[in-house]
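The values are calculated or read from the model by the stated rules, or taken from the named source; none is laboratory data. Small disclaimer: the values here were computed from a predicted structure and weren't measured. No Cβ is skipped: glycine too gets one built from the backbone with ideal geometry, and neighbour counts run over all protein chains shown. What goes into the accessible areas is simple: the full protein's heavy atoms, side chains included, and nothing from ligands, DNA or RNA. Shrake-Rupley method; radii C 1.70, N 1.55, O 1.52, S 1.80 Å.
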Amino acid sequence: MLVDGELIQMGKKQGRNYPTNRRQVDRIRSELGMVFQSFNLWSHMTILENIIEGPVHVLKRPKAECIAEAEALLEKVGIAGKRDAYPAHLSGGQQQRAAIARSLAMKPKVMLFDEPTSALDPELVGEVLRVMRALAEEGMTMLVVTHEMSFARNVSNRVIFMRSGEIDSDGTPDELFGQGGSANFRQFIGNFGG
């Protein structure tokens, strides 16, 4: 696997692949942002405090600078008025947008999204997808695990369909959603109205 052109050093033990260089993995992880399906915001901190925690304590950046950037990120994701609220006082869509802002505050090269809309009510899904679409339009590299086939089709430049931990189909959205992809992929998108 290559991340930003760098090959991750891997070994094999008991039939399983594993990274052999922990320092390399830690350094690469420091350049990735992760947005979880369950938000993972700290409940005892305000939204602003959640966003500046990493830049201040991990990156050792000045707090005033981090606050200014966090406020700009909150504006970007459409929840500027929620900076002093606690996660429990936000809707699921607002919490997920706060989680996206928190990840962006670390200035990642790549954003990883694990089913970012799966824990949301259907009416809140659009809020999060709009933010993600804007990030894609700005050129942010994103790896998104999703069942939102319309989003994958319209925003991606490459789609990988996995089945049982293996790559089953791989191609551009036009290729796969056109007439390409395996029988498994065709059945999957048929089930989701793709």
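Data overview
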quantity	calculated
Probe 1.4 Å, all protein chains present, accessible-area order of 76, 63, 82, largest first	63, 76, 82
Largest-first ellipsoid semi-axes for the chain, taking √(5λ) over the Cα gyration tensor eigenvalues, angstrom	30, 23, 14
Rounded accessible area of residue 18 (nearest 10 Å², 1.4 Å probe)	90
Cut-off under 5 Å, modelled amide H: who pairs with residue 168 long-range	161, 162, 163
Extended-chain gain in nm, criterion 0.36 nm per residue less alpha-carbon gap, residue 166 and residue 59	35.0 nm
Between helix 92-104 and the chain: long-axis angle, C-alpha atoms, 0 to 90°, nearest 10	90
Long-range amide H partners of residue 3 with built H, under 5 Å	8
The chain - share of DSSP beta bridges that are antiparallel (%, nearest 5)	55
Share of carbon and sulfur in the accessible heavy-atom surface of segment 1-157 [1.4 Å probe, %]	51
Karplus (6.51, -1.76, 1.60) ³J(HN,Hα), θ = phi - 60°, over segment 60-75, in Hz, Gly and Pro reported as x	6, 8, x, 4, 4, 5, 5, 5, 4, 5, 5, 4, 5, 5, 4, 5
1.4 Å probe accessible area per residue over the chain, in Å²	59
Stretchable slack from residue 25 to residue 91, in nm (0.36 nm times residue separation minus alpha-carbon distance)	20.3 nm
Between 0 and 90°, nearest 10: helix 47-57 axis offset from the chain longest Cα axis	90
Whole-Hz couplings from phi, Karplus 6.51/-1.76/1.60, listed for segment 136-147; x for Gly and Pro	4, 5, 7, x, 5, 6, 10, 10, 10, 8, 8, 9
Cα-centre dipole for segment 34-97 with unit charges at Cβ (Lys and Arg positive, Asp and Glu negative), debye to 20	80
Charge dipole (debye, nearest 20) of segment 39-181; +1 at Cβ of Lys and Arg, -1 at Cβ of Asp and Glu	460
J(HN,Hα) series, segment 12-26, from Karplus relation 6.51 cos²θ - 1.76 cosθ + 1.60, nearest Hz, glycine and proline x	10, 9, 6, x, 10, 7, 8, x, 9, 10, 4, 4, 4, 4, 4
Sequence-separation-based contact order of the chain, relative, with Cα cut under 8 Å and 6+ spacing, percent	18
Fluctuation leader among 179, 14, 24 - the chain, Gaussian network, Cα springs under 10 angstrom	14
Area of residue 176 that stays accessible when all protein chains are in place (1.4 Å probe, Å², to 10)	10
Accessible area (Å², 1.4 Å probe, nearest 10) - residue 148	60
5 angstrom amide H check on residue 141, placed H, neighbours 5+ away	111
